[in-house]
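So the structure is just underneath, and the comments pick up after that.
The values are calculated or read from the model by the stated rules, or taken from the named source; none is laboratory data. Nothing here was measured: the structure is a model prediction, and the numbers come from that model. Cβ placement follows ideal geometry from the backbone for every residue including glycine, while neighbour counts extend to all protein chains displayed.
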Amino acid sequence: MLSADFLNLGRDIEMVNNSEADWFHLDVMDGRFVPNISYGMSIIAQMKKMAKKTMDVHLMILEPEKYFEEFKKAGADILTVHYEASTHLHRNLQAIKALGMKAGVSLNPHTPVHLLEDVIADIDLVLIMSVNPGFGGQKFIQQAMQKITKVKSMITAAGSNTLIEVDGGVTLENAGALVAAGADALVAGNTVFSSPDPVDTIKKLKQAGK
C-alpha cells in the first residue's frame, strides 16, 4: 500500500478488497533504519476499518519490540521485523506470537539467509528484500532469486511451514520465476498501482504464479 494514492486511500483499499490479492502489505518506516518515513499505527488502524483481508505489516524500524502491542491493536495479522534491527530475534518472534500475530523476519539484500538457520522453525514468514528497503519503484536485485531457493531448502530441511515473501521490483515479467524459485507471496506495489487497471494486473500476477 506504500504505492497507493493516499488522497484516495479508501478507494484503493476497496480496490484491493475486490481484487484477487490475498493480503494488504503495509510498510512502516521510521527514517532511521531506512532513509524514508511512511506511516504508523494510526493510519493502519484506520485502514483496518475498511480492509477485508489479512494485514501484513512490515516494520522497517529500529527497536521494533517497543511497538508490538500497538501494532496488534491497530490490526496487524502478520508482523515482520528485520533481522538487522533485532538484537534478540528469537525473543521478538516469541513476543509477536504471544500477542496472537504471525511472526515474520525480513532480510536486506546484503544479509545471508543462513543466519536464520537456528530460528527457521519459529518463523511464520521470511521476507526477502529484492531491493534496498525504503522506497518503492526500484529495480529487482537478481541475487534475490538464489536467496529464495536457499531459504526454501532450509525450510524443507527443517520440516517447517514457513512462507517465503518477496518484496521489491516484482513485475508481471518476473512473478512466475519468483514462484518457481519458491516464493509463496509477492509484494507488487508499484506494478499494481501504476497500472491503468490494477485489478487486472493483480489477476495477471496471480496467474503468473501458477
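Data table
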quantity	calculated
Scan of segment 90-122 for residues that are part of a helix (DSSP H, G or I), touching a strand residue (DSSP E or B) at 6+ places or on another chain (Cβ under 9 Å) and farther than 17 Å from Val166 by Cα, ordered by number	Asn92, Leu93, Gln94, Ala95, Ile96, Lys97, Leu115, Asp122
Number of the condition not met by Glu20 [criteria: (1) surrounded by 15 or more Cβ atoms within 10 Å (Cβ to Cβ); (2) under 18 Å from the mean Cα position of the chain (by Cα); (3) not in a strand (DSSP E or B)]	(1)
Any hit, segment 31-39, residues being surrounded by 15 or more Cβ atoms within 10 Å (Cβ to Cβ), part of a helix (DSSP H, G or I), under 17 Å from the mean Cα position of the chain (by Cα) and in contact (Cβ under 8 Å) with a residue 40 or more places away in the chain	no
Checklist (1) modelled with pLDDT of 95 or more; (2) more than 29 Å from Ala175 (Cβ to Cβ) applied to Ile123, failing item	(2)
Complete set of residues in segment 41-66 that are assigned to a loop (DSSP other than H, G, I, E, B) and without any contact (Cβ under 8 Å) to a residue 24 or more places away in the chain	Lys49, Glu63
Out of Ala181, Ala95, Ala175, sole residue that is buried (at least 17 other Cβ atoms within 10 Å of the Cβ), within 16 Å of the chain's Cα centre (by Cα) and not acidic (Asp, Glu)	Ala175
Subset of segment 2-26 that is in contact (Cβ under 8 Å) with a residue 40 or more places away in the chain and acidic (Asp, Glu) - its residue that is nearest to Leu205 (Cα to Cα)	Glu20
Output for segment 93-114, where each listed residue is under 22 Å from Asn132 (Cβ atoms) and in contact with a Leu (Cβ under 9 Å, 6 or more places away or on another chain)	Gly104, Val105, Ser106, Leu107, Val113
Residue check for Met1: part of a loop (DSSP other than H, G, I, E, B) and surrounded by 21 or more Cβ atoms within 10 Å (Cβ to Cβ)	yes
Residue among Lys152, Lys139, Lys147 that is of a type in the set (Lys, Arg) and surrounded by 22 or more Cβ atoms within 10 Å (Cβ to Cβ)	Lys147
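Conditions tested, residue by residue: (1) at pLDDT below 95; (2) small (Gly, Ala, Ser).
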{"residue": "Ala144", "(1), (2)": "yes, yes"}
{"residue": "Lys150", "(1), (2)": "no, no"}
{"residue": "Ile155", "(1), (2)": "no, no"}
{"residue": "Leu163", "(1), (2)": "no, no"}
{"residue": "Val166", "(1), (2)": "no, no"}
{"residue": "Leu172", "(1), (2)": "yes, no"}
{"residue": "Ala183", "(1), (2)": "no, yes"}
{"residue": "Asn190", "(1), (2)": "yes, no"}
{"residue": "Ser194", "(1), (2)": "yes, yes"}
